[in-house]
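Written out below as structure tokens is the structure these notes cover.
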Amino acid sequence: MPARLSRKDEDALVAIALRARDRAYAPYSHFLVGAALRCDDGSVIEGCNVENASYGLCVCAERNAVGSAVVAGRRAFDAIAIATSSEPPSPPCGMCRQVLAEHADDLAIVLVNTKGARVRTTLRKIFPGTFTPAQLRSGQRSTSSKGRG
């Protein structure tokens, strides 16, 4: 079950995501995104999107936050705020949904825009049928298997 955010905790996450958004590097799309990822120990890790002239090398705010959290030794998350200027507030892309699902069974998500609109949802709601590490393990073949096909 996703974490329940108090209004105070939600407001704090939103403020951090909005500040991170201001630091985004998006000279091509001009679509600034900030993320504030709350770890299960209560710490908050920021991320912003970082674009590149080779578009395939762009990294989303959510994935930057997850990467920074992992570097800091944190691998379990319970909430994220994602800030954009879009109306309505934009959800994470499919790639980010999969990366978040790797570290959170379910996640409380607050989508916010620069005008103050908020949408509260969960990862399970916006990303049903998640591909999980357990599915990967269950589909792996034993290296000692004789019949390689």
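The values are calculated or read from the model by the stated rules, or taken from the named source; none is laboratory data. The shown structure was predicted, so the numbers you read here are calculated from the model rather than taken from an experiment. Please note: Cβ atoms are built from the backbone with ideal geometry, for glycine as well, and neighbour counts cover all protein chains shown.
Report yes if residue 105 is closer than 21 Å to residue 124 by Cα and without any contact (Cβ under 8 Å) to a residue 24 or more places away in the chain, otherwise no.
yes
Show me the strands (runs of 3 or more DSSP E) found entirely inside segment 64-149 where at least 2 residues are of a type in the set (Gly, Ala, Ser).
Strands (runs of 3 or more DSSP E) meeting the threshold: 77-84.
Just give me the residues in segment 50-63 being farther than 19 Å from residue 97 by Cβ and part of a helix (DSSP H, G or I), in sequence order.
55, 57
Name the residue that is farthest from the chain's Cα centre (by Cα), counting only residues in segment 104-114 that are surrounded by fewer than 19 Cβ atoms within 10 Å (Cβ to Cβ) and under 20 Å from residue 47 (Cα atoms). Show your work before the answer.
Residues of segment 104-114 that are surrounded by fewer than 19 Cβ atoms within 10 Å (Cβ to Cβ), as a first pass: 105-106, 114.
Filter again for under 20 Å from residue 47 (Cα atoms), leaving 106, 114.
Numbers: 106: 11, 114: 18 Å.
Restricting to residues being surrounded by fewer than 19 Cβ atoms within 10 Å (Cβ to Cβ) and under 20 Å from residue 47 (Cα atoms), the top hit is 114.
Failed condition for residue 134, given (1) more than 21 Å from residue 4 (Cβ to Cβ); (2) modelled with pLDDT under 95; (3) within 16 Å of the chain's Cα centre (by Cα), with all others met?
The one condition residue 134 does not meet is (3).
Within segment 118-126, is there a residue that is under 27 Å from residue 27 (Cα atoms) and crowded, with 21+ Cβ neighbours inside 10 Å?
no
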